[in-house]
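This report concerns only the one structure given below.
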Amino acid sequence: MSLASSYTRLAPLYDTVVAAASRGARRDSLSHLPRTPADVLLTGVGTGLDLPFLPPDHRYTGLDFNAAMLARSLPRASGLDYRAVRGDAMRLPFADASFDCVVLHLIVAVVPDGAACLREAARVLRPGGAALVLDKFLSRNRPAPLRRLLSPLAGRIATRLDVVFEDAAAGLPFAVVSDETAAFGGWFRQIRLLRT
């Protein structure tokens with residue numbers, strides 16, 4: 001089963017499984033959006049679980065590779081300046097320096113190449129722009145044999161379990177502003193990055 005077909009099948013259940021578990025962490029991360037009107041990219045917007053927590057004063061672009069997930073985001077965008085774009089988080093269909101902020105919630109560990117996802121976020125961010133990351137990451141020095149063993153199977157169905165953020169972000173033009181535990185005993189981290 002491909003990741004695309006897996007997420008098409010998961011789309012009707014995604015909200016039930018993910019919404020409650022991630023609500024608080026999403027809200028906390030999104031509290032760091034720019035304070036003045038800005039162009040904001042939601043990479044991997046999925047069914048739009050972030051949308052209810054967004055202030056109405058920004059211009060939002062929600063990108064997802066899955067049409068079924070993207071269609072479910074549209075009703076949640078009521079009252080927002082929002083456009084939905086189908087595309088690949090590892091090859092964003094936007095010009096360099098197009099956005100003031102990129103939101104990367106539960107996407108870096110989902111795509112096959114988290115480093116490419118972060119590299120594209122850096123490319124489309126304007127200098128001084130922020131990237132808000134929320135995902136499950138392994139600590140560099142943590143063995144986690146069970147997570148590493150299950151990751152190939154989990155990655156085919158929904159998400160990878162073995163992504164080390166520091167490795168994926170190595171060499172990219174980002175400064176880490178904050179890095180905090182977000183949920184599930186440290187499996188999830190909330191990371192704020194500044195585009196240098």
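By definition, a body whose alpha carbon gyration tensor gives a ≥ b ≥ c is oblate when a/c is 1.5 or more and a/b is not larger than b/c, and region 63-124 fits this oblate description.
Subtract the Cα-Cα distance of S139 and T36 from 0.36 nm times their separation in residues, and report this length gain in nm to one decimal.
Details: separation 103, 0.36 × 103 = 37.08 nm, distance 3.41 nm.
Using 0.36 nm per residue and subtracting the Cα-Cα distance, I get 33.7 nm.
Solvent exposure of region 61-142, expressed per residue, is 40 Å² of accessible area, with all protein chains present and a 1.4 angstrom probe.
The values are calculated or read from the model by the stated rules, or taken from the named source; none is laboratory data. These numbers come from a predicted model, not from an experiment. When the accessible area is computed, the model is the full protein with side chains, heavy atoms only, and any ligands, DNA or RNA have been set aside. Shrake-Rupley method; radii C 1.70, N 1.55, O 1.52, S 1.80 Å.
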